[in-house]
Structure formats: C-alpha cells, structure tokens
Amino acid sequence: MIKVTLIRPSGCSHCAQVKNTLEKLKNEFKDLQLEEIDMTTDQGFALVEKYKIMASPGILVNDEFFAMGGATEEQLREKFEQLLKK
C-alpha cells in the first residue's frame, strides 16, 4: 500500500490540482490511499511544525516527508514506482 497525506488549508486551488493528479494515479496504482489533513487543525499544525512545511500542500508518502508546494505527476509516479520495487 502507498499512503499519501496532503497537508493543506481549505480552499487551496493548487492543493486541489495535486489531489486531482493523485486521483488520476489511483487508476495506475491500485493500492494508493489518499488522506487529507487541514493544516489549521491541531494534527495539521503539528505536521507543519514537524516537517517545516512552508508552502501548501505538504506531501507525505508512507508517513515520510516527500514535498511541499506540490509535486508533478512525473515526480509522484517515480516515487510510487520506487516504493513498489522494494
């Protein structure tokens, strides 16, 4: 299973684009699970602090920091393929 966590504020259009990309990748990576956490909640704020997220969305893959400010489809696909090879 690949778990992707988006740490984002509500109403973020850039975050919505990343989410759309991840939804598209679910067709290719059947075990992809997506979680969204609002960065203004206690849980979200703790993750922002822990990973020093300065741009949204913050992206965690399998509970490890992957990117902030978004990621391209190519970057996400490459990461998922690496994980599946392990």
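Every number here is computed from the coordinates shown, using simple stated rules; none is lab data. Note that the structure is a prediction, hence the values are computed from the model and not measured. Note: ideal-geometry Cβ built from the backbone for every residue, glycine included; neighbour counts use all protein chains shown.
Counted residue by residue at 0.36 nm each, then reduced by the alpha carbon distance between them, the extension gain from residue 77 to residue 28 reaches 16.7 nm. Antiparallel beta bridges, as assigned by DSSP with both residues in the chain, represent about 55 percent of the total such bridges.
Karplus-derived 3J(HN,Hα) values for the range 45-55, using 6.51 cos²θ - 1.76 cosθ + 1.60 with θ = phi - 60°, are 4, 4, 5, 4, 5, 4, 9, 6, 6, 10, 9 Hz; glycine and proline are entered as x. What separates the Cα centres of the range 52-86 and the range 1-44 is a distance of 10 Å.
Per-residue ellipticity at 222 nm, computed for the chain from helices alone with -39500 (n - 2.57) per DSSP H run of at least four residues, works out to -13000 deg cm²/dmol.
Got the relative contact order for the chain handy, in percent, Cα pairs under 8 Å and 6 or more residues apart?
Values: 124 pairs, mean separation 32.8, N = 86.
Relative contact order, the chain: 38 percent.
Of all lysines in the structure, the ones whose alpha carbon falls short of 25 Å from that of residue 24, not counting any fewer than 8 places away in one chain, are 3, 79, 85, 86.
3J(HN,Hα) couplings calculated from phi for the range 21-27 with the Karplus curve 6.51 cos²θ - 1.76 cosθ + 1.60 (θ = phi - 60°) are, in sequence order, 4, 5, 4, 5, 5, 4, 5 Hz; Gly and Pro show x. With the Kirkwood sum run over all distinct C-alpha pairs, the chain has a hydrodynamic radius of 12.8 Å. The phi-based Karplus calculation (6.51 cos²θ - 1.76 cosθ + 1.60; θ = phi - 60°) puts the 3J(HN,Hα) values of the range 69-79 at x, x, 7, 7, 4, 5, 5, 5, 4, 4, 5 Hz, whole numbers, x for Gly and Pro.
Net charge of the neighbourhood of residue 51, taken over other residues with C-beta under 11 Å away and scored Lys/Arg +1, Asp/Glu -1, is -1.
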